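The values are calculated or read from the model by the stated rules, or taken from the named source; none is laboratory data. None of the values given here were measured: they were computed from a predicted structure. FYI the Cβ positions are ideal-geometry reconstructions off the backbone, even for glycines, and counts take in every protein chain you see. To get the accessible areas, we keep the full protein, side chains included, count just its heavy atoms, and leave off ligands, DNA and RNA. Shrake-Rupley method; radii C 1.70, N 1.55, O 1.52, S 1.80 Å.
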Amino acid sequence: MPLYKLTYFDARGYAEPARILFHLAGVPFEDNRLTHGDGSWEKIKDKTPFGQVPVLSVDGFDIPQSAAIIRYLANKFGYAGKTPEEQAWADAIVDQFKDFMGAFRQLIMAQRSGKPAEEIAKISSEVAIPARDSYFKILNGLLEKSKSGFLVGDGLTFADIVVVENLTTLEKNQFFTASEHPKLSALREKVHAVPAIKTWVATRPDTQF
Ligand SMILES: N[C@@H](CCC(=O)N[C@@H](CS)C(=O)NCC(=O)O)C(=O)O
């Protein structure tokens, strides 16, 4: 079995779906968590392929970009979709998530850079909330049509994992209220009921992001 090392900050963020795929498949990996502000990131940044994390190292071969990492792992472990069409849909949902995060990150960045409260409120109401609402509308539409309760086909794919983990982070930051979104909440319950995921979710570090 290859030696896997996943490097990211001490957060769920862009790395958590990969961690979940490892736990789901029962495949050991090194969960290498960097601490913000202690210089550990600055020391390795220039050695990473694109100057960002997550990076998955497979026997020393580095793979950047979270979507590429999870697609790679999902293909290896059997969670990428059962047909090329299902795989295309799983990719499409992850791409939709990335579009949403592109808009949502404007809010996170405004908060982190200490912008005035009115400016943050404006980005929230004009950018982040509309992006979240149209993203949720798409997800709800897919779940309405789903016979399995999963987003793609009749089984769990990495798209479900990406969506569900992001819900947890949105919830922790007051952007998702489970009782207002029964279909999305049911998806999260379904994914978190998978035994290997349930155990990891119950014991993983409880971070804000
Ligand atoms: N599109 C990238 C985004 C990765 C990203 O934004 N990484 C941030 C942490 S969440 C990072 O490496 N920040 C440190 C830096 O850019 O110096 C992905 O999905 O992997």
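Where does each of 42-50, 124-132, 73-81 land if you order them by average Cβ count within 10 Å, highest first?
With the highest mean Cβ count within 10 Å placed first, the list reads 73-81, 124-132, 42-50.
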Pull up all non-local amide H partners of LEU156: gap of 5 or more, or a different chain, and H-to-H distance under 5 Å with H placed in the peptide plane. none
Straight-line reach from LYS122: which lysines fall under 30 Å, measuring Cα to Cα and dropping same-chain residues less than 8 apart? LYS98, LYS137, LYS172, LYS183
Please enumerate, by chain and number, the lysines with C-alpha under 18 Å from the C-alpha of LYS43, excluding those fewer than 8 residues away in the same chain. LYS5
Quick calc: nm separation of the 7 Å Cα→Cβ label points for LEU3 and THR207 -> 2.3
Paramagnetic reach from ILE120 in segment 153-185 [backbone N under 20 Å; point 7 Å along Cα→Cβ]: 169-177
Computing the accessible area with a 1.4 Å probe over protein heavy atoms, can you report the carbon and sulfur percentage for segment 1-144? 55
